[in-house]
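The values are calculated or read from the model by the stated rules, or taken from the named source; none is laboratory data. None of the values given here were measured: they were computed from a predicted structure. Cβ sites come from the backbone with ideal geometry, for glycine too, and all protein chains shown count toward neighbours.
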Amino acid sequence: MGVSRVFDIARRSLSVYRQALDVTSHNVVNASNKDYTRQQVVFASEKSEMVGGIMWGTGVRLSEVIRVRDSLTDVQIRTTNQKYYGSNKQSELIGQIEQIYSEPGDLGLSNLISKFFNSWQELSVTPNSVPLRHSVIQAAQQLSSKSKSINEYLSTVKTDIRSDFAEKTKTLNQYLKDVQQLNAQIFEYSTKGTEANELIDRRDLLLDELSKLANINVTYDTANSASVSIGGIHAADRFISIEFNPSEVNGDLTIKSVGGQASAMLSGGELFAYADIYSKKIPKYDDALNEVMTTLIGAVNDVHSKGYTIGAPQLTGLDFFSGYDSGELKINEDILLDPRNIAISSDGTSGNGALAVQIGEISSKRLLNGSTLLENYSALISEIGNEKSTAAYFAESNKIVLDKLEEQKASYSGVSIDEEMTNIIKFQRSYDASAKLVKIADEMLQTILNMV
C-alpha cells in the first residue's frame, strides 16, 4: 500500500510538471507575439485520504492554466482607442480639407477677393478702358473658379467619406460576427472543462479592433461570454450578432441595425470621425463660404445695377453677377460678351467711374456679422486650422496615454523570457525529482520482492 502510494504520487507529479513545461514552452515561443497573453500554471494539492486514522497526502495536481490579464487595463485601452482613432482620423480629414483653400497664398480665395476689388479700383481711374474692364471680368472669373473648386472638392470629400464609412461598417459587421462565433466556441470549451485561452486572446484582439472603429461597451456573463453594444445598440453576444448599414438621416451620416429604426449614437472611433466631418464640419465650412460669396454678390449687384454702361445703346439696371450655383459665381452673359456693359457711371456721362470706386470700397465695409467679407473668410480659415490643431492635439495626447497603457499591458501580460526560463529550470528539476521518486519506489518494491 505504501509503495503503491509513492508510485501514484510520483506518476501524478510527472504528468503535472510535464504539462507545466508545455505551458511554459508555449509562453516562450509566443514571446514576440504582441497579441498573446502570458499563461500561468496554478498548482494545488490533491485531496488527502484518511487511512488508519491518519490523513495522507496524495500529491500535486494542475488546478488551472490562467491568462495573466488585467481587465481594468483592457477597458482603459479600449476607451482610449475610441478617443485616439476618432481624433486622429478627424485631424487627417480636416487636414485634407484645409489644403484646398490654399491659404495663405496667391491661389487662395482671400487673395482673389482682394484682387477682384482692386480691379474695380483700377478701373475707376480709367473708366472707359476696355482692357481694364477685361481685367475686372478675369478677376471675377478667377474668384468664381476658386470658389467652385472648393465646393467641388468638399463634395468629393463627402463622397469619399461615404465610401470609407461603408467599408468600415462592413469591417465592423465582420468583427461582430467573429466575436459571436468565438463566444460560442469559448462556451463550448468551458462546458467540457477545457481551457480556451487562445480563443479568448483572439476575442480580446477583436474587441480592441472594434474600439478603434466605434464607441463600444463590453460586459461579460458567468460563462465568460462577451456582450458588445455599440452606441447604445446591443450588437453581439454568445447567441447573436447583428449587422449595421450605413445610413444618412437628414444629412447626418450614421449606422443603423439591419431591420431596425434606431441609429447608433456614435461618439468615438473612426466611424464617429467620418460621421462628424460629413454631417457637421463640412456643411458648416460650406455654409460659411456660401454666406461670404452670396453677400459679395448682393453687395456688388446692388451698386452695379444703379450704373450706366458705355455701350450703345446705353443700359442701366444690369447685375454684374447673374447668380450663384454650387459655389460658382456666374457673371452676367451680357458683360462676358461685351465688357462695355460693365456699368460704373453713376450719371451716364462718359468717363464717370464713381460706382467702380463704391464697388472697390465694398471690401472694407462691415457687411456680414459685423465684419468685412475678408474678415469673415479669414475667420473660416482660422476655424478650420484650429479644429485641425485641436484634433491633432487630442490625438497626440491620447496616443501618449495609449502607448503607456500598452506598455503596462505588455509588462503584465507579456512574456518575460528570463522569468519563463527560470520556470523551465524549476519545473524541470521538479520533473527530475519525480522521476527519481519513481526509481526509489521501484527499488523499495524490489527490496520487498527479494525478501519474499
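Worth a mention:
- Residue ID - surrounded by the most Cβ atoms within 10 Å (Cβ to Cβ), chosen from residues in segment 218-250 that are among the small types (G, A, S) and more than 24 Å from D276 (Cα to Cα): A236
- For the condition farther than 18 Å from S63 by Cα, modelled with pLDDT of 90 or more and part of a helix (DSSP H, G or I), S4 does not qualify.
- Criterion applied to E198, E270 was being assigned to a helix (DSSP H, G or I), in contact with a Lys or Arg (Cβ under 9 Å, 6 or more places away or on another chain) and of a type outside the set (G, A, S), and the one residue passing it is E270.
- Some residue of segment 296-305 being within 30 Å of N128 (Cβ to Cβ), surrounded by 20 or more Cβ atoms within 10 Å (Cβ to Cβ) and within 42 Å of the chain's Cα centre (by Cα): yes
- Number of residues in segment 202-217 that are buried (at least 19 other Cβ atoms within 10 Å of the Cβ) and not aliphatic (A, V, I, L, M): the value is 5.
- Of all residues making up segment 140-167, the number that are acidic (D, E) and more than 22 Å from the chain's Cα centre (by Cα): 1
- Listed by first and then second residue, the pairs linking a residue in segment 185-201 that is under 14 Å from E64 (Cα atoms) to a residue that is in a helix (DSSP H, G or I), with Cβ atoms under 6 Å apart and 6 or more places separating them unless they lie on different chains, are A196/I186; A196/Y189.
- Complete set of residues in segment 53-105 that are farther than 28 Å from I282 by Cα and of a type in the set (S, T, N, Q): T58, S63, S71, T73, Q76
- Some residue of segment 68-77 being touching a helix residue (DSSP H, G or I) at 6+ places or on another chain (Cβ under 8 Å), polar (S, T, N, Q) and over 30 Å from H26 (Cα atoms): no
For every residue, the table says whether it meets (1) out of contact with any Ser or Thr (no Cβ under 6 Å at 6 or more places or on another chain); (2) modelled with pLDDT of 95 or more; (3) assigned by TED's automatic domain parsing to the domain that holds V28; (4) not in a helix (DSSP H, G or I).
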| site | (1), (2), (3), (4) |
| --- | --- |
| L380 | yes, yes, no, no |
| E387 | yes, yes, no, no |
| A391 | no, yes, no, no |
| E396 | yes, yes, no, no |
| E420 | no, no, yes, no |
| I424 | no, no, yes, no |
| S430 | yes, no, yes, no |
| K436 | yes, no, yes, no |
| I440 | yes, no, yes, no |
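- With respect to the stated conditions, F187 fails to be buried (at least 21 other Cβ atoms within 10 Å of the Cβ) and among the aromatic types (F, W, Y).
- Number of the exception - E248 against (1) touching a helix residue (DSSP H, G or I) at 6+ places or on another chain (Cβ under 9 Å); (2) modelled with pLDDT of 95 or more: (2)
- Verdict on T169 being part of a helix (DSSP H, G or I), within 30 Å of A410 (Cβ to Cβ), hydroxyl-bearing (S, T, Y) and in contact (Cβ under 8 Å) with a residue 12 or more places away in the chain: no
- Condition met for L329 (assigned to a strand (DSSP E or B), of a type in the set (A, V, I, L, M) and surrounded by 15 or more Cβ atoms within 10 Å (Cβ to Cβ)): yes
- Taking every residue in segment 25-47 that is under 13 Å from I424 (Cα atoms) and in contact (Cβ under 8 Å) with a residue 40 or more places away in the chain and pairing it with any residue that is charged (D, E, K, R) and not in a loop (DSSP other than H, G, I, E, B), at least 6 positions away or on another chain, the pairs with Cβ-Cβ distances below 7 Å are N27/E420; V28/E420.
- Residue count for segment 373-396 satisfying the condition of being surrounded by 19 or more Cβ atoms within 10 Å (Cβ to Cβ) and either in contact with a Leu (Cβ under 8 Å, 6 or more places away or on another chain) or without any contact (Cβ under 8 Å) to a residue 12 or more places away in the chain (or both): 4.
- Scope segment 216-250; condition within 16 Å of L206 (Cα to Cα), part of a strand (DSSP E or B) and not small (G, A, S); matching residues: I216, N217, V218, T219, Y220, V228, I230
- On inspection, I359 passes the criterion of being at pLDDT 95 or above, in the same structural domain as E98 (by TED's automatic domain parsing) and more than 19 Å from S145 (Cα to Cα).
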